[in-house]
Amino acid sequence: MPRHQTPNAPPATVAALPPAPPDLATTWRAILARDRESDGRFVFAVVTTGVYCRPSCPARRPLRRNVRCFPDPAAAEAAGFRACLRCRPGDQRPDPARRLAEAAREVLDRHLDERVTLARLASEVGVTPWHLQRTFKQVFGQSPQSYANARRVERVKRALREEKDVTTAIFEAGFGSASQLYSQAGARLGMTPGAWRRGGRGARVRFATAASPVGRVLVAATERGVCAVLLGADDAEVEAALRRELPEAQIEQGGADLRAWVREVLRRAAGRPPRRELPLDTPATDFQRRVWEALAAIPRGESRTYGAVAAGIGRPGAARAVAAACAANRLAVVVPCHRVLPAAGGVGGYRWGADRKSALLAAEEPEERPAAGVNASARRGAG
């Protein structure tokens, strides 16, 4: 043993070890997504400017080769970088709104098997019910009750996939009765729990096809509402797509009551404003449902980026998940995922083809009207 080291003394180098710098390979995606949930976990610096920022900084993104990551502001400043004046990364205190919402969510997660009122939840986290409701929805994009119900429905789905009987699944998930679940299942499961467990087997689906400005359109419906609107080059293509979507269902053509729904779908495919609401019956996760509701709220003739939709539902940084929810949409033009565009430009991907997406967007653009005293040929230019 060295003479200068006592038997119980720890090695002198242990306390002096600095925090390990974050790996850029794992943090670069958070930087590109401006992920607010990564704030406080690391900062990134740009060698060409000498500035370090939060992951969520709204400034333009640098080249990857010019980025260095640090575990905290102190490490970045020790390396000679200065704090960004825009995002102020030196102030890494937790967001009080997120801290409150996270605390409430933890309470709900612990008590999914019982009913937690808003008043009780607010008392648990020490704020008023009004303030909690407002903050929770601001952070997570839904109310505490909607969050708890969504978690319970997910429990039912897992139990049914494990071949448990419906009654056991309902009560193990925390629903007090079958009727309470069925009121939620219509929007979240798209069918009754028993049908969900059977993969849709036994469901009766009727369909009709028609010509539209973007090719053949197929409208399919169950007894509860429209379950699919598919686009393709011909009837054979869209019918085959329907059978792939619903392989266990009883599928048949016809039904006079479909005509009004087909006319409404054709109206929207032509870029015209909706005339009537369509009853819908399609399965969706809670996240997909929130995305699709946000898409339906985009005004005709306008568009949003995937990032803007993610921020609008309280999930900034989830742009890729929004894109996945758009790709899972099987209600073409009814849930207008064609109105969502990539931030980098262009029309981006579309389940039924980029050309159709461009055509749908062009059809929805407001017609340009000539100014007073100027005829159309003059507006287009002479010759």
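The values are calculated or read from the model by the stated rules, or taken from the named source; none is laboratory data. Because the structure is a prediction, the values reported are computed rather than measured. Virtual Cβ from ideal backbone geometry, glycine too; neighbours counted across all protein chains shown.
Scanning region 94-129 for residues that are over 26 Å from the mean Cα position of the chain (by Cα), surrounded by fewer than 15 Cβ atoms within 10 Å (Cβ to Cβ) and under 28 Å from SER56 (Cβ atoms) yields one hit, GLY126.
If you go through region 113-125 one residue at a time, do you hit one that is touching a Ser or Thr at 6+ places or on another chain (Cβ under 9 Å), in a loop (DSSP other than H, G, I, E, B), modelled with pLDDT of 75 or more and over 27 Å from VAL309 (Cβ atoms)?
no
None of ARG110, ARG82, ARG88 is under 15 Å from PRO144 (Cβ atoms) and not acidic (Asp, Glu) except ARG110.
Of all residues in region 301-320, none are under 20 Å from ALA228 (Cβ atoms), among the charged types (D, E, K, R) and touching a strand residue (DSSP E or B) at 6+ places or on another chain (Cβ under 7 Å).
Residue-level analysis places ARG110 among those that are over 29 Å from ALA344 (Cα atoms) and out of contact with any Gly (no Cβ under 7 Å at 6 or more places or on another chain).
Conditions tested, residue by residue: (1) in a strand (DSSP E or B); (2) modelled with pLDDT under 80; (3) closer than 25 Å to ARG320 by Cα.
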position	(1), (2), (3)
THR27	no, no, yes
ILE31	no, no, yes
VAL43	yes, no, yes
THR48	no, no, no
SER56	no, no, yes
ALA59	no, no, yes
CYS69	yes, no, yes
LEU85	no, no, no
GLN92	no, yes, no
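A single member of THR135, THR48, THR117, THR128 is closer than 29 Å to ALA344 by Cα and without any contact (Cβ under 8 Å) to a residue 40 or more places away in the chain, and it is THR48.
The residue pairs whose first member lies in region 93-110 and is within 24 Å of PHE42 (Cα to Cα), whose second member is at pLDDT 85 or above and of a type in the set (Phe, Trp, Tyr), and whose beta carbons are closer than 7 Å, counting only pairs six or more residues apart or on different chains, are ALA101/PHE136. Scan region 322-345 and give yes if some residue there is in a loop (DSSP other than H, G, I, E, B), of a type in the set (A, V, I, L, M, F, W, C) and either in the same structural domain as GLY215 (by TED's automatic domain parsing) or without any contact (Cβ under 8 Å) to a residue 40 or more places away in the chain (or both), otherwise no. Within region 322-345, one or more residues are in a loop (DSSP other than H, G, I, E, B), of a type in the set (A, V, I, L, M, F, W, C) and either in the same structural domain as GLY215 (by TED's automatic domain parsing) or without any contact (Cβ under 8 Å) to a residue 40 or more places away in the chain (or both). Taking the criterion of being without any contact (Cβ under 8 Å) to a residue 24 or more places away in the chain and over 25 Å from ALA344 (Cβ atoms), the only residue of region 286-309 that qualifies is GLU293.
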